[in-house]
1. Do we have any residue at all in the range 34-42 that's surrounded by fewer than 17 Cβ atoms within 10 Å (Cβ to Cβ), without any contact (Cβ under 8 Å) to a residue 40 or more places away in the chain, farther than 14 Å from L62 by Cβ and among the hydrophobic types (A, V, I, L, M, F, W, C)?
2. Can you tell me which residue in the range 15-33 is farthest from T54 (Cα to Cα), limited to those that are open to solvent by 30 Å² or more (accessible area, probe 1.4 Å) and in contact with a Lys or Arg (Cβ under 9 Å, 6 or more places away or on another chain)?
3. Being surrounded by 16 or more Cβ atoms within 10 Å (Cβ to Cβ) and of a type in the set (A, V, I, L, M) is the filter here, so list the residues in the range 43-56 that pass it.
4. Filtering the range 1-16 down to residues that are part of a loop (DSSP other than H, G, I, E, B) and of a type in the set (A, V, I, L, M, F, W, C), which residue is nearest to L62 (Cα to Cα)?
Amino acid sequence: MLTHRECDVILLLADGCSYAQIALRLGISIHTVTTHVKNCYRKLSARCAAHAVTRAYQLSLLPERLS
């Protein structure tokens, strides 16, 4: 459902990274981050970053988090 790169972006959002931080870490533009986030929202029927992260974990699209 989510591409590998979309999962990377969602994981970084879950860690509290800003779009600029995600772009820097992944070596992509902020515009590309925005596009990935929008695609995730659409695919996950999410309204915001927190909802997208929650839905991705509920659907087992992301690895389990270690506490």
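1. Checked against the condition, which is being surrounded by fewer than 17 Cβ atoms within 10 Å (Cβ to Cβ), without any contact (Cβ under 8 Å) to a residue 40 or more places away in the chain, farther than 14 Å from L62 by Cβ and among the hydrophobic types (A, V, I, L, M, F, W, C), the range 34-42 yields no hits at all.
2. Taking the range 15-33 as the starting set, the residues that turn out to be open to solvent by 30 Å² or more (accessible area, probe 1.4 Å) are 15-16, 18-21, 24-32.
Now drop any that are not in contact with a Lys or Arg (Cβ under 9 Å, 6 or more places away or on another chain), which leaves 26, 28, 32.
Details: L26: 22, I28: 24, T32: 22 Å.
Among those residues, the one meeting the criterion is I28.
3. Scanning the range 43-56 gives L44, A46, A49, A52, V53, A56.
4. Restricting to residues being part of a loop (DSSP other than H, G, I, E, B) and of a type in the set (A, V, I, L, M, F, W, C), the top hit is L2.
The values are calculated or read from the model by the stated rules, or taken from the named source; none is laboratory data. The model shown is predicted, which means the values in this text are computed figures rather than measured ones. Ideal geometry is used to build each Cβ from the backbone, glycine not excepted, and the neighbour counts take in all protein chains shown. Surface accessibility is based on the protein's heavy atoms, side chains included, excluding ligands, DNA and RNA. Shrake-Rupley method; radii C 1.70, N 1.55, O 1.52, S 1.80 Å.
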